[in-house]
Structure formats: C-alpha cells, structure tokens
Amino acid sequence: MTGRFEDRTALVVGASRGIGFAAARSIAEEGGAVAITGRDEHSLSEAARNISAASGATVTPIPGHARRAEQRRSTVERAVESLGRLDVLVYAAASNISKNTSVLELDPELLHKDFDLNVVAALEYTKLAYERGMADGGGSVVLLSSLAAHTNVRLPAYSMTKSALESLCRGMADQLAPDVRVNSVAPAFVETSFSGTIQDLPKERINASYPMGHEGTPEEVAAAITFLASDEARWITGTTVFVDGGKSAQPARHDTPHPRIGDPIH
Ligand SMILES: NC(=O)c1ccc[n+]([C@@H]2O[C@H](COP(=O)([O-])OP(=O)(O)OC[C@H]3O[C@@H](n4cnc5c(N)ncnc54)[C@H](OP(=O)(O)O)[C@@H]3O)[C@@H](O)[C@H]2O)c1
C-alpha cells in the first residue's frame, strides 16, 4: 500500500463488479474513503463489504440507476454527505444494448439508450461532482473508454459511444482545467461479465490473439485508473491511456480474409 489516496475521497459509478469494483478496492486499499454505486442493491452491498474487508476502509454503497437524472443527483448528494467532499470520480457504468447488430439494422432507440448511459450520464455525473465542490481541492475524473473507440470491433453503437466519450473527455479536460483533471482509459478485452456477453470464440484463442498473451484483468485496468486519479498524474489531463495487452500495436493484417457480417471475430 502506497497511500496515494490518504485523506482523499472517491465516488465510483458501476462498482459492484468488474473494473469499477477493482478500481474502488484499489483506491480504498491506498487509504481513500470510497462510495460506490450501481443498480442492484444486493450486489452493491456485497461489494462494499468485500472492499471493506480487503482494505479496512469504510465503503458506502449507494444504489442508483445512472440513466436516471434524479438518481444521479441523489447519489452524488449522498456521497458528499457520507464522505464530506468529493475528490475523485470514476465512471465505469456502460451498456452495449445494441450488441453486434449490423449497421443497417441499428435501432435508434437502442442506440440512444447506449448513448445515454455511456456518454450523457458520464457528463452529468461530472457536472454534479463539479457543482458539489469537486473543483475546490483539485479533482480528478477517470472515464472508462474502450479500444472500441479507436478500432472497428463490430460493435457499432458501442464504438460510437466510446469515441464520443473520449471527445467529451478532451472537452471537459479543456474547460475544467486547472481545477479538475479529466482522463480516460481504453481497455481491450478484460475478464468480466460484460466481455463474456460479447465473446463467442474459445478463451484460449482470445488470449493467444494478444501480444502480451492474455486478455486483461480488472486489476490491470484498475492500476491505470488509480494512477490517473492520483496526484502522481497531476500534469496529465485530457488523455486516454490504452490498457490493452498490446492489441493496438498489432500490425494490420493481409493474411486473413475479410470477415463476413455475422462471422464470430471475438
Ligand atoms: N470488460 C471489458 O472487456 C471492457 C473493455 C473495454 C472497456 N470496458 C468498459 O469498462 C467499464 C466497466 O466494464 P466491466 O466489464 O467492468 O462491466 P461489468 O462487469 O458489467 O460491471 C458494470 C458495472 O456497472 C454497473 N451498471 C451497469 N449499468 C448501470 C446503470 N444503468 N446504472 C448504474 N450502474 C450500472 C453494474 O452494476 P448493476 O448491473 O447492478 O447496475 C456493474 O457494477 C465499462 O464502461 C465498459 O464499457 C470494458
């Protein structure tokens, strides 16, 4: 434990499992006071207990739906009430409702739902944290983007939302500086229930496709999130850190046929 978050507070949105959970645990293990949110009350309370047991920190679970404006507002208010103030916001909630629907079949209603959670709610949470004094002591926001923002992974709606999120990241970094830094991380596949819904190929094939030999773990992504959230990154804002096992460094290939629509590529 290096204590990078001693006397610091954090709200992690989407922390009952996966990457958000690992980030909340890592911040708590380094001395931070943490509030976590997600929709399902039971799994959120369980996550808070697990993080407390691992870190010795008090962790406040605040159930809430990130697509609902009223619940976002009450979540931030309750977090500030319980933590005293807010220094760090990690936004890890996302949906991929449109799945790998081909572009010609994309339903605008579903696209809007993904956009609402993956982009608009990230903006709204940041605004609320800012309004509730995050800027006062120097704040840090970390958004969960994806390699899908940069490369075609045949999840068109999801990719659009993550590209938009990175654009939002730069816009907020510009306009909230120097009070609040805003950065994002872009993981490739990370072993969570979220990626499980996208993968058709056997795990060994997916692992073998990475220069580093395996898909990521939530802890490997949490390490980048906690760095960006901490004072060690005090001169870094508006950027995206790839945490992708080398995937984005791979050569563009000409030795495999172009996949047809519907072919399993993950
Ligand atoms: N896993 C990957 O391969 C991967 C790769 C690149 C980027 N990412 C990004 O990393 C982030 C975290 O992904 P993950 O794999 O850790 O996902 P996950 O394991 O499915 O966890 C998602 C978390 O968000 C919460 N959540 C979902 N919908 C919500 C809503 N409407 N309101 C509030 N909370 C909500 C979930 O709890 P409830 O269901 O109880 O609400 C859960 O705690 C996402 O932004 C994702 O796009 C993931």
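The values are calculated or read from the model by the stated rules, or taken from the named source; none is laboratory data. These numbers come from a predicted model, not from an experiment. Cβ: placed from backbone, ideal geometry, glycine included. Neighbour counts: every protein chain shown.
Among the residues that make up region 100-107, is at least one of them modelled with pLDDT of 95 or more and polar (S, T, N, Q)?
no
Hand me the list of helices (runs of 4 or more DSSP H) wholly inside region 159-266 holding 1 or more residues that are among the acidic types (Asp, Glu) and out of contact with any helix residue (DSSP H, G or I) (no Cβ under 9 Å at 6 or more places or on another chain). Spell out the reasoning first.
Working: elements: 193-196, 203-208, 218-229.
Ranges flagged: 203-208.
Which one of these is away from the ligand (no atom under 15 Å from the Cβ) and of a type in the set (Val, Ile, Thr): VAL141, VAL80, VAL90? It would help to see each step written out before you state the result.
Numbers: VAL141 fails: away from the ligand (no atom under 15 Å from the Cβ); VAL90 fails: away from the ligand (no atom under 15 Å from the Cβ).
Step by step, each of VAL141, VAL80, VAL90 is checked, and only VAL80 is away from the ligand (no atom under 15 Å from the Cβ) and of a type in the set (Val, Ile, Thr).
Can you tell me which of (1) more than 14 Å from the ligand (Cβ to nearest atom); (2) within 14 Å of the chain's Cα centre (by Cα) is the one MET172 doesn't meet?
So MET172 meets the others, but not (2).
Please tell me if ILE36 is within 16 Å of the ligand (Cβ to nearest atom), in contact with a Lys or Arg (Cβ under 6 Å, 6 or more places away or on another chain) and modelled with pLDDT of 95 or more. If you could, list the steps in order and put the result at the bottom.
On the way: within 16 Å of the ligand (Cβ to nearest atom): yes; in contact with a Lys or Arg (Cβ under 6 Å, 6 or more places away or on another chain): no; modelled with pLDDT of 95 or more: yes.
The answer is no for ILE36.
Sort out which residues of region 224-243 are among the hydroxyl-bearing types (Ser, Thr, Tyr), surrounded by 17 or more Cβ atoms within 10 Å (Cβ to Cβ) and under 23 Å from MET212 (Cβ atoms), and write them in order of number. Before you say what the answer is, go through the steps one by one.
Restricting attention to region 224-243, the residues satisfying the condition of being among the hydroxyl-bearing types (Ser, Thr, Tyr) are 226, 230, 237, 239-240.
Pick out the ones that are also surrounded by 17 or more Cβ atoms within 10 Å (Cβ to Cβ) and you get 226, 230, 237, 240.
Result: THR226, THR240.
Select, from VAL182, VAL142, the only residue that is surrounded by 23 or more Cβ atoms within 10 Å (Cβ to Cβ) and either under 26 Å from ILE206 (Cβ atoms) or charged (D, E, K, R) (or both).
Numbers: VAL182 fails: either under 26 Å from ILE206 (Cβ atoms) or charged (D, E, K, R) (or both).
Exactly one residue qualifies, and that residue is VAL142.
For the list (1) touching a residue at least 24 places away in the same chain (Cβ under 8 Å); (2) more than 14 Å from the ligand (Cβ to nearest atom), I need the number of the one condition that GLU109 fails.
So the condition that GLU109 fails would be (1).
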